[in-house]
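The values are calculated or read from the model by the stated rules, or taken from the named source; none is laboratory data. Being a predicted model, the structure only gives us computed values, none of them experimental. When we count neighbours, we look across all protein chains shown, and the Cβ atoms used for this are built from the backbone with ideal geometry, even at glycine.
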Amino acid sequence: MWRPVLMAKLIQQFNHLGPIRAQTLVYIHNQTTESTTGVDIYSGEPTSKRKIGENVPRNEKVNFLVKILNDLDDSKESVYNALDAWAAWEQDFPIGPLRQALIGLEKQHQWHRIIHVIKWMLSKGQGTTMGTYGQLVRALDMDHRAEEAHDVWVKKLGVDMHSVPWQLCHQMISVYYRNNMMERAVKLFKGLEAFDRKPRDKKIVKKVCDAYEILGLIEEKERLLKKYESLFNDTSPSKRSTRTSKKKSKS
C-alpha cells in the first residue's frame, strides 16, 4: 500500500514542473518491482531493497527517454526537468543509457535536443570527456551555432593541442571551413603544426589550402601543398611498403 501512496505524493510535488515529469514518475513506478533479501529482526523492515527503476531494461529506459524528449518543446527548462525526473530513481548516474539516447537523437537529427541533453549532463559533472565535447561541437554546428561550437573548442578542447585527437581537429577545421571562418581554420592548423602535429588525411590539408586561397595567401597554400605532397601521392613510401607487404603475405 505504501508505494502507490508515496508515488501519488511525489507526483503531486512534481506536478508544478509539468506533465512530462509526472508522466516519467508514473512510468518508472509501473515498470518496477521490489525485491528483498531478508527482514531486520528489530525494525521489521526489509534489509535490502531494489532501487526503484533498477529492473527496467536499458533499451526500454532509453526508448522512453527519447520519446519523452521528442514530445517536449525545445525549451531548456522542459528538457532539464524531464531529464531530472528520468534520472531521479537511478542509483548511479545513467551515463550509458544517456549515450544511447544521444545516438538515437542523432539518428533523428534532433540537434537542439542533443545540445540540451549534453549540457544537462555536463552540468551534473558527468561525461566530461573529449568525445562528449566533440559530440557537442557537432550538434552545435548542425544546429547552425558555429560561434558556440568555437567557444567549446577554445575552452574545452583546444587547450591541449599536443594531445587532442586529429579526428576532433579535423572536425573543428571543417566547422570553420563550412562557416567561412577561414582565419580560424588556418590558425588552428598552424597551432597543431607548432606542436609538430602532422595531419594524416589529405582532406584536412586541402581544406586549409582552400582557406589560404580564399584569404589570398597563395604562397602559403603552395608551401603547404609542397610540405604534405606525400599525402596526395598514391605511391608514397608508406603506401608502397604496405602494398609490398600485402603482396609478400599473399605469396
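Within segment 121-156, the set of residues being within 12 Å of M172 (Cβ to Cβ), surrounded by fewer than 21 Cβ atoms within 10 Å (Cβ to Cβ) and charged (D, E, K, R) comprises R138, D151, K156. Residue under question is I115, and the condition is that it be surrounded by fewer than 17 Cβ atoms within 10 Å (Cβ to Cβ) and of a type in the set (V, I, T); does it hold? Against the criterion (surrounded by fewer than 17 Cβ atoms within 10 Å (Cβ to Cβ) and of a type in the set (V, I, T)), I115 does not qualify.
Quick check on G104: is it touching a helix residue (DSSP H, G or I) at 6+ places or on another chain (Cβ under 9 Å) and assigned by TED's automatic domain parsing to the domain that holds P57? If you could, list the steps in order and put the result at the bottom.
Details: touching a helix residue (DSSP H, G or I) at 6+ places or on another chain (Cβ under 9 Å): yes; assigned by TED's automatic domain parsing to the domain that holds P57: yes.
Against the criterion (touching a helix residue (DSSP H, G or I) at 6+ places or on another chain (Cβ under 9 Å) and assigned by TED's automatic domain parsing to the domain that holds P57), G104 qualifies.
Checking each residue of segment 222-237 against the condition of being at pLDDT 95 or above, at negative phi, exposed (fewer than 15 other Cβ atoms within 10 Å of the Cβ) and touching a helix residue (DSSP H, G or I) at 6+ places or on another chain (Cβ under 8 Å) gives no match.
Could you tell me whether K203 is in contact (Cβ under 8 Å) with a residue 24 or more places away in the chain, exposed (fewer than 14 other Cβ atoms within 10 Å of the Cβ) and over 21 Å from S163 (Cβ atoms)? Yes: the conditions hold for K203.
Going through (1) modelled with pLDDT under 95; (2) surrounded by 21 or more Cβ atoms within 10 Å (Cβ to Cβ) one by one, A211 falls short only on (1). For the criterion of being assigned by TED's automatic domain parsing to the domain that holds P165 and modelled with pLDDT of 95 or more, A149 passes. Against the criterion of being surrounded by 15 or more Cβ atoms within 10 Å (Cβ to Cβ), in a loop (DSSP other than H, G, I, E, B) and not basic (K, R), W89 qualifies.
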